[in-house]
Amino acid sequence: MQIYLPIAEVSVNAFLLLGLGGMVGILSGMFGVGGGFLMTPLLFFIGIPPAVAVATEANQIVASSFSGVLAHFRRRTVDLKMGTILLIGGLIGAALGLVLFNHLKSLGQVDLLVKLCYVVFLGVIGGLMFVESLNAIRKSRRPGGAPPKRRQRGWIHAMPLKMRFRTSGLYISVIPPLAVGLLVGVLSAIMGVGGGFIMVPAMIYLLGMPTKVVVGTSLFQIIFVTAFTTMLHATTNYTVDVVLAVLLLVGGVIGAQIGTVIGSKMKAEQLRILLAGLVLAVCGKLALDLLLMPSELYSLGPAGGH
């Protein structure tokens with residue numbers, strides 16, 4: 001069943017979009033990730049223009065993150081003070097990212113930039129995750145293997161402008177959280193991701209936050225930054241396709257329920273290595289698309305198009 005996407009200006013099978021949303025929803029339920037860093041490249045593969053894919057996927061992340069953060073509020077695992085500092089950096093980063101996005105769009109280079117960002121980030125994160133998962137599996141098989149302790153002191157704690165974060169049990173400078181939020185905001189505007197796949201490791205290993213409050217605090221920041229990014233894209237670029245977003249959301253909601261059931265039956269190390277393999281596979285496909293010669297060297301488009 002073909003459905004016309006008015007903003008993307010392409011016709012796509014509605015069941016294919018529901019299936020993609022469902023598949024990423026399953027991954028979200030299994031691995032605890034938003035899925036934006038996988039969904040956006042998948043939209044590239046089915047012919048959605050990168051500018052539309054980035055803006056629309058940011059819109060979808062708002063809804064999925066909102067439902068997740070409500071559960072964390074009930075468990076009191078959201079550090080609102082830390083989330084606000086991350087949010088300030090994220091909003092500034094999103095505005096800067098949009099300026100860069102629009103500048104490259106005017107030069108006709110935005111598609112290349114988005115795909116290169118995905119190849120670099122997915123390659124680095126997938127590789128690190130794969131190595132870490134293999135090490136965790138090896139250690140779990142050794143008798144009496146103790147889990148590695150999180151480093152508590154370092155250069156982060158020597159920086160000025162310190163603030164006390166009671167929920168996280170931290171007394172650190174506000175500069176590192178602002179920098180993390182800024183980076184995630186830029187990535188949200190350029191790549192259409194929530195940034196949780198970067199923010200969560202940074203909050204655990206860089207800021208030293210307890211794992212139990214990291215996910216909820218990350219989701220709190222992601223909601224506002226991706227909503228702000230969506231609004232900026234919708235009002236300046238007009239690239240948010242509501243029809244596409246609704247179909248992906250419906251599939252994602254159903255898939256997340258299935259993924260949660262599957263994830264509860266697997267070990268954490270097995271889940272991480274599966275996710276790492278999937279991330280590297282998507283990275284490889286994007287890299288091949290950039291490196292291999294296309295079947296058609298030239299294509300016709302509307303005047304002013306890129």
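Here the spin labels are modelled as points 7 Å beyond Cα on the Cα-Cβ line, and at residue 84 and residue 258 they lie 4.2 nm apart. Distance between the 7 Å Cα→Cβ label points at residue 103 and residue 120: 1.4 nm. Of the peptides 38-46, 124-132, the ranking by mean beta-carbon count within 10 Å, highest at the top, reads 38-46, 124-132. Per-residue extension of 0.36 nm, minus the Cα-Cα distance of residue 111 and residue 4, leaves a gain of 36.3 nm for this segment.
Taking 31 Å as the cut-off for C-alpha to C-alpha distance, list the pairs among 81/139; 212/265; 139/162 that go past it. Pairs exceeding the cut-off: 81/139; 139/162.
The amide H of residue 165, built 1.01 Å from its N in the peptide plane, has 170, 171, 172 as neighbours under 5 Å, considering only residues 5 or more places off or on other chains. Here each label is just a point 7 Å from Cα along the line to Cβ, and for residue 15 and residue 76 those points are 5.0 nm apart.
Values in this text are rule-based calculations from the coordinates and carry no lab data. Quantities reported herein were computed from a predicted structural model and do not represent experimental measurements. Virtual Cβ from ideal backbone geometry, glycine too; neighbours counted across all protein chains shown.
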